[in-house]
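Below is one structure, written out as structure tokens; comments come after it.
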Amino acid sequence: MADDAPEPRICINHVAGRYLVYDVNDIASLRTTWHMCGTLFGTLPQAQQQNIFLGLPLELMQEEARLLVDQRAAIIVDDSLAHRDAIKALSETDKADILALKIQEQDKLMLANREESIKRKEAAIENAKASGKWKTKPAKAPEATTSKAEEISLFATMSDTVTEDASGSGGGEELASTGQRTSPDDGNQRQYIIPMASSAIGPHSLRLPKESEHIPNPPDARYQVYKYLQSLGYFMSPGLRFGCQFVAYPGDPLRFHSHFLVKSLQWDEELSVLDLVGGGRLGTGVKKAWMMAGLEEGDAEADEPEGPSVRTFCVEWAGFG
Amino acid sequence: MTTTTETSDLLGLRSVVLSNLQHQHYWTDIKLLNTKVDIEESTEDGPLPRPMIYGRPPEQLYNPEPASSTNESSSPEKPPADKEYVLPVHLTEKLSLRTWASVFDNLPTPSGEAIRGGEGGDANKKRVVVAVVSGDSTVVYYIMHDGIVKPRQN
């Protein structure tokens, strides 16, 4: 990547034709400095239907991605290529580092779990003693300790099984095979889950890939209108919910209702009056105005010093008829 | 630009809207606009892109920036409603942004500051009342503003 960029640019990952942002800090700066909200669409893998609170990644509209690229605020990264290259580029030391990190994490986790289960057991015994039940079976006391040990060993095997199951995928095995370390705790051979998420790779960043050729290319009328309203400070979001191209908010959507349902047109593109009526009626019904907009193409005699500008018309029901 | 048949169609359309305004919605002070000279303050000559109507609705159509302070005090003596420009169109027409722009370009800019106390904001935007006529002579009315004007209820 070129060094001339004054500050680190936002990475927009191009995945299957969509423009995604994975970094929370990038998303925050998009919202605060670029007033772009995008659409979060990450769900839990096991609960896709729980889609009220969606998480990363954030999907950007084509127009948003294009504007950021044009303003040199972001680069488009071809996601699959970037991952492939990054994994190839992992050195042996990187692998050792990651592995060491994983071993540490897992040891810590295991010890914590073990302590917790011992504590739980002791607490249960205390409870039993306190409630008097314990006294009725004094002979069972030694048995309790053995069952405690059993539970520990049971827990250990269970956790190992889980790790073995999960590590069956992809690069995990390869990396795990380089780990010759034997655990101080149980001496069993262990396998490790190495999720190949970008974040886990840490400083060996995926943020230094070649810039992708998938520069978004939205239709010109749409892009010009988007850019115009965006430059006026409107928050623009996709218009699906109101049957238009964009919904324009006068401020952050958390604080404001949207004002306009935007339909972009070319200057000479014909629009049926029925569409205007439909838009106007729908917009008024939801306390918004329906807006049609397009880049003005002046006549020959018209002199426009500022060059072509976007012209907008707002339609609302007149309140009678 | 427009042929004579088209012009007569548009005039027919206007007569439908005219009678609807007069007899269903009780508009007054109605004036028909055919050429630029018909519009007050206009000095140029030449036909308007489309024939229009200028008139006064019985009630003030909404102001983008209502003067809330004067609303309650002056209720017994309501000032007459502002006159509006009406553009008749037919439901099956297809119009381009260029056409809409040419309609607005021939209208005078309203001097909203004095009347409405706005600071050259939305009150100064040109607007027309679009009268959409359907085949069964139903007429519906939409307000179109030239430029970005906040919706009234928001």
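Bear in mind that the values in this text are calculations on the coordinates, not laboratory data. Everything numeric in this text was worked out from a predicted model, so none of it was measured. Counting neighbours? That spans all protein chains shown, and the Cβs are built from the backbone with ideal geometry, glycine included.
Worth pointing out:
- Within 10 Å of each Cβ in A:274-287, the average number of Cβ atoms from other chains: 3
- Between B:Leu61 and A:Arg84, the distance separating the two model label sites (each 7 Å from Cα on the Cα→Cβ line) works out to 6.0 nm.
- Listed pairs B:Lys36/B:Lys94; A:Lys287/B:Lys31; A:Lys227/B:Lys126; B:Lys94/B:Lys126 exceeding 27 Å between Cα atoms: A:Lys287/B:Lys31
- Annotation for A:Glu122 and A:Val286: the two label points, set 7 Å from Cα along the Cα-Cβ direction, are 6.0 nm apart.
- A cut-off of 5 Å between modelled amide H atoms, ignoring neighbours fewer than 5 places along the same chain, links B:Ile30 with B:Arg56.
- Size of segment A:219-321 from its Cα atoms: along the principal axes, largest to smallest, the extents are 40, 34, 23 Å.
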